[in-house]
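What follows is calculated from the coordinates using simple rules that are stated; it is not laboratory data. Treat the numbers as computed from the prediction; the structure is a model and nothing was measured. For neighbour counting, all protein chains shown are included, and Cβ atoms are generated from backbone atoms with ideal geometry for every residue, glycine included.
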Amino acid sequence: MNLKHRFFKLKRDLNRWSLLLLLILAVVSVPILTIGLKLFDGPGESWNHILEYVLFDYLKNSFLLALFCSIIVILFGVTTAWLVSRFEFPFRKQLEWLLILPLSVPAYIMAYAYAGVFGYSGLFSKLMGAFGIGDFRIEVMNIYGLSLVLSISLFPYVYVSSRTFFLAQATNLLEASRMLGISEFKSFFKLIFPLARPAIIAGLVLVLMEVLNDYGAASYYGVSTFTTGIFRSWFSLGEPETAIYLSAILLLIVFGLILFEKWQRRHLNFTSAKMSKQNYNSRLKPKKANQLWFTVICFIPVFLGFVLPVIQLIIWVEQTFSKVWTVEFISITLESFGIAFLTASVTVLVALLLLFFTRWNKIELLKTSSKLGVLGYAIPGIIIAIGVLIPSLYIDKWLIEKNITSKLILNATLIALVYAYVVRFLAVAYQPLESSSLKIDRSLSDSSKVLGKGNFKTFFKIEFPLIRAGLLSAFILVFIDILKELPLTLIMKPYDVNTLAVKSFEYASDEMVSSAALPSLLIILTALIPAIFLNKLLLKNASNS
Amino acid sequence: MQKIIYLLLISIFVVGCKSDNKKEDSNELTVYTHRHYESDQELFKRFEEESGIKLNIVNASADELIQKMSLEGEQSPADVLITVDAGRLYRAKSQNLLQSFSSSLIDSIVPKHLKDEDGQWVGLTKRARVIAYSKERIDSTQLSTYENLTSQEWEDKILVRSSSNIYNQSLLALIIANKGQQSAEDWASGVVENMARAPKGNDRDQVKAVANNEGDLAIVNTYYIGKLLNSEDKNEVEAGKSVDIFFPNQETTGTHINVSGIGVAKYSPNKENAVQFIEFLLQEKAQSIFAGSNFEYPVNPNVEPADILKSWGDFKEDNLSLNKLGEYNKEAVIIFDKVGWK
């Protein structure tokens, strides 16, 4: 293809959506590109030392961690999602939203809680003591314990994305398979699991990004990962440039993985022309004994990821409540809720625009690069903060130079904070939206367009109702994530804003874990609100349609 | 849908109210601080009441704050930087982010080895890195120096946290400064060989491990023992009681100390307020709260430390210029990596 031809093609494909996409992409990916460009600046002077002594260890541990976590989250997430959307069993309705809750426990708090439960004279050793084997201890502070702790706090990503898929999945496929005499079990592996792949992977991508950038839990458990290495190069070696360089490499790896996944399913079609007619009355009713098993199976991850850590937190709160509690906590909780709600709305909106502008745009290159926008989730929040600070300070300084303002107006205000959150959490909103929109058959929207409706009208009439479930999942996930968010908040927040996560960190970083329990518990309670509220909406919508 | 919109409006309102009260106020002071102790917040409040100066607090790790200051450049709103170790102040100073300040009051209070020779920062509180040993199994006569920790008798007995921790880095930096690089490397690798387990957890966890017989010695900072003994968790109190404190190197160079300190930002918009703030923190009233509630040693010699600290007795400090800790920090980390101290 010669240049002229290419140009012609570009001109032909260029529409206003391409321009809008370019605009929104530019806004959200500036911080990421800022970090990415640091690859060309090269690392600091200790790079050779890192290569020689520690990099292999970082890579090995991160790889193992990612592997273990993938296995556990798929096991927990997909199994439970399948059971609650396909079968009827006792406590199914409660379990349906209980399974989201582990997400509300910040990973580092989960790590502390598990260390507490399995520590000397912890709950576990007391339990063992009751059996007369009090000396028996399970050591969780290693890479296996870390994998478990991260997995149980993150599996809800996979659970939510696969459940959204299962709920909307046209059941006629399954009915057909069952009618042909294929067992439920076999249909699941032969039919549903492969079909659900994009949804599962969408959740898994989020899990892996979060696992890769975890710092608190890994450093407490003494596991050196790529991200603890990033922090070590910065804080210990005093080379922020090396830290950013390592982050840029991490970005490249994750970008590569995302593209690979997209490329791998390039010829597959996962859409369904049928509107979800979820058979609420037609959930299968297995035998009584099996029903009980299903309840137990779904309860295990809830117990590990929510009940157990919350019990430990409550024990700690009981010890420290009188010392830690102040009235201030009420206003801090309200503020945290407000910020999370506001930012989650903005983030979901941006993700929606990004997704549909990408779809309406016809230029291939832009379609691929739209994935750039979601990379913020893979790198540590504090590196994103640098990515946001550099351009926003640039604007601020320019404004001061031109005498438009007299001091920094973007930095340390809500604008910069919300912007940073959007950049950081766009992936969390984008993945569930994308996976739910993948199921919409193009022919539906195409017919609408053939009938003379524009993109916007088609969107509101056809696509919006179809992806509502994904929209709600996206919102809950981002909301909870923002409640927990720490490093960005610390460095970007306005002076007079305070969040529960900040409060909890103040205690935890001072090794006062038991005092950190109260704000952590409040985070969990606040996260409950949308989780329950929106779950109800999700069910109502599904049953109405 | 309607409900969601209501909620959204309420959220915007709540958040909006909060960020609305950003009045232009010239009589203020912006504090970048790594410390997040409750006693600090109480002191800050007291300073605001006494001086009428409004404090803006930015709380994050020292390295992040240093990075933020360097990105902000001349426009940085920061007036002072508070860290929990001298190495970070050295780092800020060497990146040209601090400026000299002088006050006869400060000069008269702070001993020479606890402040920067160019007057860019001063220490506020001291902490000592000591050996906590099991009362049950170890006799204090068996202990002598940091160097002695590499001896055969401590094989599988030593508990210490990760080398990512700044206090370990500073300790090794001190050894580099006193004894040279090769001895420091031998020392670190000797300690690694004697470790009871791979490093994990924080200082408190090391003491708990001693209490539960996983090892006999823990290398920890003094104030964590104070905190364990005053914890609400009775297991922590018991762990604290099971150990005694030993101040190493009393016959030789002295026990390693570090400071939590404060420097004035290079582009501080309110330098006078900054100096006033530092003077406030160093005076007796503030010092006893600042150090006392956190079980640190006050730098003001006229202020008595907390009772627990007094019960451990006086000790000889290593008087090495604290800037050296910063100077050798990187070398220390590189040695840790080489000898496999995780």
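Can you check what the net charge comes to around B:Val333, using other residues whose Cβ is under 11 Å from the Cβ of B:Val333 (Lys, Arg +1; Asp, Glu -1)?
Computed value for this residue: 0.
Note the direction-averaged projected area, equal to a quarter of the hull surface, for the Cα convex hull of the stretch A:431-545, in nm².
Directional mean of the projected Cα hull area for the stretch A:431-545 stands at 9.9 nm².
May I have the pair-distance distribution P(r) for the stretch A:72-149, computed from all Cα-Cα distances with 10 Å bins from 0 and rounded to whole percent?
Spelled out per bin, shortest first, that is 16, 33, 30, 20, 1.
At a Förster radius of 56 Å, what calculated FRET efficiency corresponds to the Cβ-Cβ distance of A:Ile529 and A:Ile133, to the nearest 0.05?
Calculated transfer efficiency: 0.85.
Treating the Cα atoms of the stretch A:158-237 as identical point scatterers in vacuum, please give the log10 of the normalised Debye intensity I(q)/I(0) at q = 0.15, 0.17, 0.19 Å⁻¹, two decimals.
For the stretch A:158-237 at q = 0.15, 0.17, 0.19 Å⁻¹, log10 I(q)/I(0) is -0.65, -0.73, -0.81.
Can you give the log10 of the normalised intensity I(q)/I(0) at q = 0.24, 0.26, 0.27 Å⁻¹, computed with Debye over equal Cα scatterers of the stretch B:198-259?
Values, matching the q order: -1.02, -1.12, -1.17.
For B:Ile57, list long-range residues whose amide hydrogen, built 1.01 Å from N in the peptide plane, is under 5 Å from its own amide hydrogen.
HN-HN under 5 Å from B:Ile57: B:Val31.
For chain A, what is the convex hull volume of the alpha-carbon atoms per residue, in Å³?
Cα-based convex hull of chain A, divided per residue, equals 191 Å³.
Per 5 Å bin, what is the whole-percent P(r) computed from every C-alpha pair distance within the stretch B:276-342?
Here the calculated profile for the stretch B:276-342 is 3, 15, 15, 14, 15, 14, 13, 8, 3, 0.
Take the Cα radius of gyration of the stretch B:91-159 and divide it by 2.2 N^0.38 Å, with N its residue count; two decimals is plenty.
In units of the 2.2 N^0.38 Å rule of thumb, it is 1.77.
Taking N as the number of residues in the stretch A:335-491, what is its alpha-carbon radius of gyration divided by 2.2 N^0.38 Å?
That ratio works out to 1.20.
More than 37 Å apart: what percent of Cα pairs in chain B qualify?
It works out to 24 percent of all Cα pairs.
Dipole of the stretch A:394-445, Cα-centred, from +1 at each Lys and Arg C-beta and -1 at each Asp and Glu C-beta, to the nearest 20 debye?
Charge dipole of the stretch A:394-445: 80 debye, to the nearest 20.
Which entries of A:Lys402/B:Lys271; B:Lys45/B:Lys285; A:Lys323/B:Lys45 show an alpha-carbon separation above 21 angstrom in the structure shown?
Pairs exceeding the cut-off: A:Lys402/B:Lys271.
Which order do the peptides A:125-134, A:475-484 come out in when sorted by mean C-beta neighbours inside 10 angstrom, highest first?
Taking the mean over residues of other Cβ atoms within 10 Å, the ranking is A:475-484, A:125-134.
Provide the descending list of Cα extents for the stretch A:315-382 along its principal axes, expressed in whole angstroms.
61, 22, 20
From other protein chains only, count the Cβ atoms within 10 Å of every residue's Cβ in B:225-235, then give the mean.
Across the residues of B:225-235, the mean count of other-chain Cβ atoms within 10 Å is 3.
Multiply the residue separation of B:Glu74 and B:Glu49 by 0.36 nm, subtract the distance between their alpha-carbon atoms, and state the gained length in nm to one decimal.
Taking 0.36 nm per residue and subtracting the Cα distance, the gain is 6.1 nm.
Taking each residue of A:397-406 in turn, how many C-beta atoms of other protein chains fall within 10 Å of its C-beta, and what is the average?
Mean shielding by partner chains, rounded to a whole number: 1.
Which of the lysines could a cross-linker bridge to A:Lys285, judged by Cα under 17 Å and excluding same-chain residues fewer than eight apart?
The reachable lysines, counting only those whose Cα sits under 17 Å from A:Lys285, are A:Lys93.
By its C-alpha gyration tensor, with a ≥ b ≥ c as the square roots of the eigenvalues, how is the stretch B:23-116 shaped: rounded for a/c under 1.5, else prolate for a/b larger than b/c, else oblate?
rounded
Using the beta-carbon distance between A:Gln264 and A:Leu173 and R0 = 30 Å, what value does 1/(1 + (r/R0)^6) give for FRET efficiency, to the nearest 0.05?
Efficiency at R0 = 30 Å is approximately 0.85.
Could you pull out every one of the lysines with an alpha carbon less than 17 Å from that of A:Lys484, ignoring same-chain neighbours closer than 8 positions?
Of all the lysines, those that pass the test against A:Lys484 - Cα under 17 Å, at least 8 places apart if same chain - are A:Lys493, A:Lys503.
Only residues of the stretch B:187-226 count here: report those whose backbone N is under 11 Å from the spot 7 Å along Cα→Cβ of A:Asn142, or say none.
Once the point is set 7 Å along Cα→Cβ of A:Asn142, B:198 turn out to lie under 11 Å by backbone N, inside the stretch B:187-226.
Under a Cβ-Cβ cut-off of 13 Å, what is the net charge of the residues other than A:Gly238 that fall near it, where Lys and Arg count +1 and Asp and Glu count -1?
For residues surrounding A:Gly238, the net value is -3.
How would you order A:23-30, B:92-99, B:225-232 from highest to lowest mean count of nearby Cβ atoms within 10 Å?
B:225-232, B:92-99, A:23-30
Under 17 Å from a point 7 Å along the Cα-to-Cβ line of A:Lys536: which residues of the stretch A:472-500 have their amide N that close?
Those under the cut-off are A:472-473, A:476.
Can you pull the mean other chain C-beta count within 10 Å for peptide A:500-510?
3
What lysines does B:Lys342 reach when the alpha-carbon gap must be under 19 Å and sequence neighbours fewer than 8 apart in one chain are set aside?
A:Lys60, B:Lys157, B:Lys200, B:Lys330
Which helices pass in chain A if a helix is a full DSSP H run, must span at least 27 angstrom along its long axis by Cα, and must have mean Kyte-Doolittle hydropathy not below -0.5?
A:16-41, A:55-86, A:143-168, A:240-264, A:328-360, A:381-401, A:414-438, A:513-544
I'm a student and want to see the number: the projected area of the Cα convex hull of the stretch A:1-139, averaged over all directions, in nm².
18.5 nm²
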